1. From the list VAL102, VAL58, pick out the single residue that is more than 25 Å from TYR20 (Cβ to Cβ), assigned by the TED database to the domain that holds SER18 and under 22 Å from the mean Cα position of the chain (by Cα).
2. Which condition number in (1) within 30 Å of GLU255 (Cβ to Cβ); (2) over 17 Å from the mean Cα position of the chain (by Cα); (3) open to solvent by 50 Å² or more (accessible area, probe 1.4 Å) is the one that LEU13 fails?
3. Among all residue pairs at least 6 apart or on different chains, which show Cβ distances below 6 Å where the first residue, located in the range 79-108, is over 22 Å from PHE123 (Cβ atoms) and the second is open to solvent by 90 Å² or more (accessible area, probe 1.4 Å) and not aromatic (Phe, Trp, Tyr)?
4. Please enumerate the residues belonging to the range 19-39 that are in contact (Cβ under 8 Å) with a residue 40 or more places away in the chain, over 17 Å from the mean Cα position of the chain (by Cα) and open to solvent by less than 70 Å² (accessible area, probe 1.4 Å).
5. Go through the range 90-115 and give me each residue that's under 19 Å from ARG317 (Cα atoms) and assigned to a loop (DSSP other than H, G, I, E, B).
6. Pick from the range 88-100 the residues that are open to solvent by less than 60 Å² (accessible area, probe 1.4 Å) and in contact with a helix residue (DSSP H, G or I) (Cβ under 7 Å, 6 or more places away or on another chain): which of them is farthest from LEU50 (Cα to Cα)?
7. Name the single residue that is nearest to VAL320 (Cα to Cα) among those in the range 60-87 being surrounded by 22 or more Cβ atoms within 10 Å (Cβ to Cβ) and out of contact with any Gly (no Cβ under 7 Å at 6 or more places or on another chain).
8. Can ILE87 be described as β-branched (Val, Ile, Thr) and outside any strand (DSSP E or B)?
Amino acid sequence: MIVDIDLSTITVLIIDDSRYARSFIKSALHSFGARQVVEAGDGPEGVEILRDRKIDLVLVDYDMQPMDGIAFTKLIRAEEVPSCTDIPIIMVSGAADMDTVVLARNAGITEFLAKPVSAESLFRRVRSVLLNPRPFVQADEFVGPCRRTMDRPPPDGVNRRHSAPLPKPRPLIEIPPGIAQPMVRQAMDQSTQAARTGGERSSRRRFKAGEPIFAEGDVGDEAYVIESGRVSIFKVIGAQKVVLGELIDNGVFGEMALIDDEPRMASAEALTDTVCLVLPKAALKSQLNRTPDLVILVLETLLHDIRKMGRELAEARARVRARRG
């Protein structure tokens with residue numbers, strides 16, 4: 001996992017009735033560089049904390065008493081706490097079925113994170129919320145981040161919008177110049193040196209829109225950092241192409257195969273003309289060799305869980321698409 005943003009300036013509120021869950025999330029946030037983390041044992045306590053101090057991001061559990069995560073989110077979006085209506089809210093839930101996800105989305109959450117939580121999945125959600133905020137909608141029937149996560153053309157070619165799209169808001173946190181994480185910066189320096197000596201073809205690569213970057217099952221010998229453009233990560237289930245996610249500037253992909261030496265778990269394709277910095281396997285391994293064995297063991301365990309969840313997510317989305325079709 002590559003931490004390429006500075007979280008030391010933000011304050012995060014964790015709301016969960018499980019002390020152990022709060023402890024894990026807090027430890028993970030600290031490992032990402034977040035230093036100001038506040039805890040609440042239930043929804044009402046979380047509301048009081050929001051009334052008393054400035055919070056930049058909330059992670060709230062779904063299943064709590066006496067106020068669950070849905071009720072908490074609706075209360076915040078209903079302007080019950082002044083100046084907190086549009087605060088980013090990530091919901092954490094052990095129930096990740098479609099009905100629960102839709103219920104949470106309609107309540108106004110910003111992102112949804114399924115349990116069991118890994119450090120990787122947590123960081124990706126936090127990063128997405130802070131760097132890629134969606135326009136905030138305040139309408140009669142819905143208050144929350146725009147539910148359109150991707151800008152796709154209408155299926156029948158008819159645009160039913162009654163007004164222009166809301167402007168995209170600025171990131172909630174500044175992106176530091178270059179690659180902020182020391183391990184990646186050092187590895188990229190090694191990549192540049194290798195390019196000069198012929199060890200690698202290039203430390204920067206360009207892909208045309210629609211061009212494949214790598215395929216599921218390929219041997220992973222490079223990771224990529226998006227300098228500009230947009231990349232789709234997807235799996236093929238049966239005859240269906242199931243998109244797992246899309247990445248934009250500063251997004252990192254292809255790194256898991258470099259760490260655990262497993263084949264690529266999904267395919268990557270450039271959606272637009274894209275420029276990527278290339279991180280060779282040897283450069284990353286030279287940095288990992290300095291990492292304690294216990295940390296590597298934990299990391300490999302997390303990657304195993306991520307791969308498993310990726311397969312399950314793709315299969316679930318394929319089943320949902322088949323039912324709708």
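The values are calculated or read from the model by the stated rules, or taken from the named source; none is laboratory data. If you're wondering where the values come from, they're calculated on a predicted model, not measured in any experiment. So basically every Cβ, Gly included, is an ideal-geometry build from the backbone, and we count neighbours across all protein chains shown. Quick note on the areas: whole protein, heavy atoms, side chains included, nothing else; ligands and nucleic acids left out. Shrake-Rupley method; radii C 1.70, N 1.55, O 1.52, S 1.80 Å.
1. When all the criteria are applied, what remains is VAL102.
2. In the conditions (1) within 30 Å of GLU255 (Cβ to Cβ); (2) over 17 Å from the mean Cα position of the chain (by Cα); (3) open to solvent by 50 Å² or more (accessible area, probe 1.4 Å), LEU13 misses (3) alone.
3. VAL81/ARG51; THR85/GLU79; ALA107/LYS74
4. Within the range 19-39, ALA21 is the sole residue that qualifies.
5. GLY94, ALA95, ALA96, ASP97, LYS115
6. Per the stated criteria, the residue is SER93.
7. Out of the qualifying residues, it is ILE70.
8. Yes: the conditions hold for ILE87.
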